[in-house]
Amino acid sequence: MKKLIILSDTHKNQKMLRKVFQIEKEYSHIFHLGDNYEDMNNNSDITDNVELIRVPGLYHPGYKDRSIPAILEIEIDNWKFALAHKLEDLLKTTISADIYLYGHTHHFNFNHIDDKYFINPGHLTARRDRDRKASYVVMVINKDNAEIQFKYLDGEVFNKKQINKL
């Protein structure tokens, strides 16, 4: 069993980013889906002894000049993930994954399309942004399934999903 924390669109808001980690404990991975790539820097108390995986947002120089990959392919316990900031980048890729993670819109989302799962955790920009409350995802993966919880910044679960391994 692995516990993943999935964040996006923190936009330099360290207070909100750190609030997530006051609530969440004993996680093995952090996925940061862009805007701002550097927001996890200088947070060694959060990132020590966990795997930090991140992609740049659209305005990051590394995204623009392609020095940092826009899409990452990660495998954890036989689950394949594709991470990008922008859904359109994922839709253009030939990467085969169990779960596709993206940000950018600031709207949380879960879609199951043609045996592909697409998840957007929302944003941590401000308490409200683009008419949505701040949110993130906690995913617990096991050999046979993935349990997904969409949470508001106070830790309240407002949506749950489960994906069974095919």
- Query: What percent does the relative contact order of region 2-164 come to when contacts are Cα pairs within less than 8 Å and at least six residues apart?
  - Reply: 22
- Message: Calculate the FRET efficiency for Thr93 and Lys2 from the Cβ-Cβ distance with a Förster distance of 22 Å, rounded to the nearest 0.05.
- Response: 0.40
- Once every DSSP H run of n ≥ 4 in the chain is given -39500 (n - 2.57) and the sum is divided by its residues, what mean residue ellipticity at 222 nm do you get, rounded to the nearest 500 deg cm²/dmol? -3500 deg cm²/dmol
- Spherically averaged projected area in nm², based on the convex hull that wraps the Cα atoms of region 93-136: 3.4
- Message: In the chain, if the dipole is taken from +1 on Lys/Arg beta carbons and -1 on Asp/Glu beta carbons about the Cα centre, which of His123, Ala146, Leu7 is farthest to the positive end?
- Response: His123
- Task: Using a cut-off of 13 Å between beta-carbons, work out the net charge of the residues near Glu73 (Lys and Arg +1, Asp and Glu -1, Glu73 not included).
- Result: -2
- To the nearest 20 debye, region 2-164 has a Cα-centred charge dipole, built from +1 on Lys and Arg Cβ and -1 on Asp and Glu Cβ, of 480
- Query: Per-residue HN-Hα couplings for region 123-134, Karplus 6.51 cos²θ - 1.76 cosθ + 1.60 at θ = phi - 60°, whole Hz, x for Gly and Pro?
  - Reply: 9, 10, 6, 7, 4, 9, 8, 6, 6, 10, 6, 4
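Summing Lys, Arg as +1 and Asp, Glu as -1, what charge do residues with Cβ under 14 Å from the Cβ of Ala146 carry, Ala146 excluded? Write down the numbers at each step before the final one.
Values: positive: Lys2, Lys3, Lys80, Lys116, Lys143, Lys160, Lys161, Lys165; negative: Glu75, Asp77, Asp98, Asp144, Glu147.
Charge balance near Ala146 sits at +3.
Given Cα positions, please report Rg to Rh for region 43-121, the hydrodynamic radius being the Kirkwood one. Present the calculation step by step, with values, prior to reporting the outcome.
On the way: Rg = 13.2 Å, Rh = 13.5 Å.
The Rg/Rh ratio comes out at 0.98.
Which entries of Lys19/Lys92; Lys15/Lys151; Lys86/Lys151 show an alpha-carbon separation above 27 angstrom in the structure shown? List each step's numbers first, then the result.
Values: Lys19/Lys92 34 Å; Lys15/Lys151 17 Å; Lys86/Lys151 21 Å.
Pairs exceeding 27 Å: Lys19/Lys92.
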- Of Thr94, Thr105, Thr47, the one that fluctuates the most in a GNM where the chain has Cα springs shorter than 10 Å: Thr94
- Please report Rg over Rh for region 14-148, where both radii come from the alpha carbon positions and Rh follows the Kirkwood definition. 0.93
- Under a plain spin-label model, where a point goes 7 Å from the Cα along Cα-to-Cβ, how far apart in nm are Arg128 and Phe21? 2.9
- Anything over 26 Å Cα to Cα? Flag those among Lys12/Lys133; Lys12/Lys160; Lys2/Lys161, in the order listed. Lys12/Lys160
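Computed from the coordinates by the stated procedures, all read-outs in this text should not be read as laboratory data. If you're wondering where the values come from, they're calculated on a predicted model, not measured in any experiment. Here Cβ is always computed from backbone atoms with ideal geometry, including for glycine, and neighbour counts include all displayed protein chains.
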